[in-house]
Amino acid sequence: MDPSKFGEELKKLRLDKQVSLMDISFSTRINIKFLEAIEAGKFSVLPQTYVRAFLREYGEAIGIGDEEILRKYDAFRDPQTSPAPRETSPTPRPTPTPAGRTSEPKEHKISLSLKKNIIFAGVLLAAVAFVLILRFPTAKNPDPTQEIPFDAVVKESEASTFKPDTLVSVVIPPPVAQPDSLRLEMATMDSVWISILVDGKKTLEYLFPPNRKRTFSAKDKFSITMGNAGGASFKLNGKELGPLGKRGAVIRNVVINEARLKSL
């Protein structure tokens, strides 16, 4: 093979692998001018001591085996070193049989018989092994160190420590309503308009003529607004309060509670 053709062949393989000379130089530390000389077939410009080493590194970079690239290099350097074709000895013709068929050599018949015996023995051994496996199946030993999930341990612990016998239903009694502690009695001597706020929640408004009586109840207090304050008299829990103001006077938000009762 001509060196230039050898170099062109290497270059084509490199291009097919999409590898640049710069990549090879970076990975092998070979000067790029030596790589260009290899692809140009100019092996005389290379350091002769390192030619074969350069070729090995180049071949590895583009995916060619060491032996193949060196064999091609040696082929064009010394054509006499290439292996000569072997001389093949003529194959003897088989001797015809009386029936017109070619008789096979004795060695070939022995080889076929040996192969048949080996195949038969292999099939027999496989059948025996299959029967033994069916009769004596290998039992899997349980893993003594099998871990129990943490959730299962918690549930077992709770089940062993808390076993309610019966379900106890707790009946909560309704709150006991406190009775009204204040009782306010009113008696009119004249026409009166009155507005009473009971415990800060409920407002009652009335217009009474003379000589009328009315009783109101509360838990904590009364807040009274009325016109003609002297037109009516009041009692708190049976104790006399009298009129809350003068006749014709208007009073607003007068509080009547237990403190007033105690002051009587």
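Where a number appears in this text, it was derived from the coordinates with a stated rule and is not lab data. Just so you know, these numbers come straight off a predicted model, no measurement behind them. Positions of Cβ are backbone-derived with ideal geometry, glycine not excepted, and every protein chain shown enters the neighbour counts.
Some notes on this structure:
- Alpha-carbon centroids, the stretch 208-263 and the stretch 1-38: separation in whole Å: 121 Å
- Sorted by Cβ neighbour density within 10 Å, fewest at the top, the residues 76, 120: 120, 76
- Under-5 Å amide H pairs with residue 245, H placed in peptide plane, nonlocal only: 230
- ³J(HN,Hα) computed for each position of the stretch 243-259 - Karplus, 6.51 cos²θ - 1.76 cosθ + 1.60, integer Hz, glycine/proline x: x, 8, x, 8, 5, x, 7, 10, 10, 10, 6, 7, 8, 10, 8, 5, 4
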